[in-house]
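The block underneath contains the structure these notes are about, expressed in C-alpha cells.
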Amino acid sequence: MSYDFAGKAGSEHGMKRNTIRAAALAVALLFVASPALSRDFTVNLQERVNGAVAMLQYCLTPEVTTSSLSINSGEAGVNGLSLYQLGGGFTWSKTLPLYLEGNAALSRYDPVFIFSRGTATAQVPVEWTTVAGTAGIGWDFPIAPELVLRPIVNFSIGRVESKVSGSASTTGDETGQEMAFLREGELNTVGYGGSLMLDYEHYREVYEIDVEARLTNIWLQSTGGTSVAVKGTALAQSASLWTRWRAPTGLRALDRPLRYVLEYAFSYYFGPDGDMVGFNYLNSLGAGLELDTGAWDVWVSRVRLMGRYRIGENVDGWSVGLAVSF
C-alpha cells in the first residue's frame, strides 16, 4: 500500500493549517505473502454477487494503510489483490469549518472459486475489477483546544466487472447464471452512509502532531448493469487511526527547514464482509523527509517522501510513497 496523504500544513510562517491532503501514486508497491485465496464457494449466486460488491469497501475512504496494496495469492506471478487510491480532504477555513473530501480507487481481485458436485470439482480462477469514487461533506465542531469532532456524510458510486481468467472447466450444473456472472458479469453500485472523525492538531515551532480517529459506515447496493438478475449488497464498516509527528532535522533546503516525519496508522475492517481477502486489520509504520517549498512560487507548499512497513493478519510488506500539500 503506498500512496501517501499529504498532512496538514503547520502554522509556521503563516502557512494555512487547513491544507488539502492530496495523495500521490506510489513509486513502489507493497508486495506481501498471504494465504491462498482459493475457497470452496459452493454457495449460491447471490453470495457471489454480494462478495463482489463487498470488495468496494477497500476503495471508499482515504486510507493510508490501503492506499496502494498488492497481495500475492501464493501462485508465482499472480496477485490476489491489487489496490490503488488517490484522495484526500480539507477544512475550508477557520471561519467556515466546512470539511470536504474525495477519493477515487481502482482494485483488482483474483479469487479462485471451487465448484463441487459429488466427487467432481473444478477450479475457476476469476478476475474482479472494481472502480469506485466517494465524496464526503462534513462540519468541524470544536470540542477542546486543537480538537474537533467532524461528522461526515458520504456518497459513493462504483462498478464491478467480472471475468474468468483463461479457460476454466465446470462440473456441469454450474454453467448457468453463476458462470454467466463470473465470466462477464457487470455491476454498477451506489453507496451512502457516514463517518465520524476526531481530529487533533497540535502545532508548535519545534514540532507538529496530527492525530485522526475515524469510524466509517457505508451501505452499498448494486443498481443494474449486470447480465444476471441478482442484486448485490454489502455493508462497509471500518475504524482507523492515523498519527504523524513532524520536526526540523536542523538542516535547511530551499530557504526553509528540512523536516523528518514519523507516522503510524491502523485500519480495521469489521462487519459481515470485513475479511473478504483473508485479513481484517492492517498496521503501517512510516518514516520520511519533508521539503518545505513555501518560500518559492510553486503550486505546492510541501513535498514528502515516505517509506512504510505494513503488517497485519497474515500480511506484511513495505512501500515507498510520495505526497504533496497545497
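The values are calculated or read from the model by the stated rules, or taken from the named source; none is laboratory data. Values in this document were obtained by computation on a predicted structure and should not be read as measured data. Cβ sites come from the backbone with ideal geometry, for glycine too, and all protein chains shown count toward neighbours. Side chains are part of the model used for accessible areas, which takes the heavy atoms of the whole protein and leaves out ligands, DNA and RNA. Shrake-Rupley method; radii C 1.70, N 1.55, O 1.52, S 1.80 Å.
Compare the peptides 317-324, 98-105 by average per-residue count of other Cβ atoms within 10 angstrom and give them in order, highest first.
The densest-packed peptide leads the list: 317-324, 98-105.
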Review point. Once fully extended, how much extra length lies between THR243 and HIS202, figured as 0.36 nm per residue of separation less the alpha-carbon to alpha-carbon distance?
Key: 13.6 nm
Check your understanding: How much accessible surface area, in Å² rounded to 10, belongs to the heavy atoms of LEU251 with a 1.4 Å probe?
Key -> 110 Å²
Practice item. Compute, for SER156, the solvent-accessible surface of its heavy atoms (probe 1.4 Å) with the complete set of protein chains present, and express it in square angstrom to the nearest 10. Key: 10 Å²
Exercise for review: Pop out the carbon and sulfur fraction of the accessible area of segment 98-165 as a percent, whole number, probe 1.4 Å.
Suggested key: 67 percent
**Study point:** Accessible surface, per residue, of segment 232-326 when the full set of protein chains is kept, probe 1.4 Å, Å²
**Key:** 43 Å²
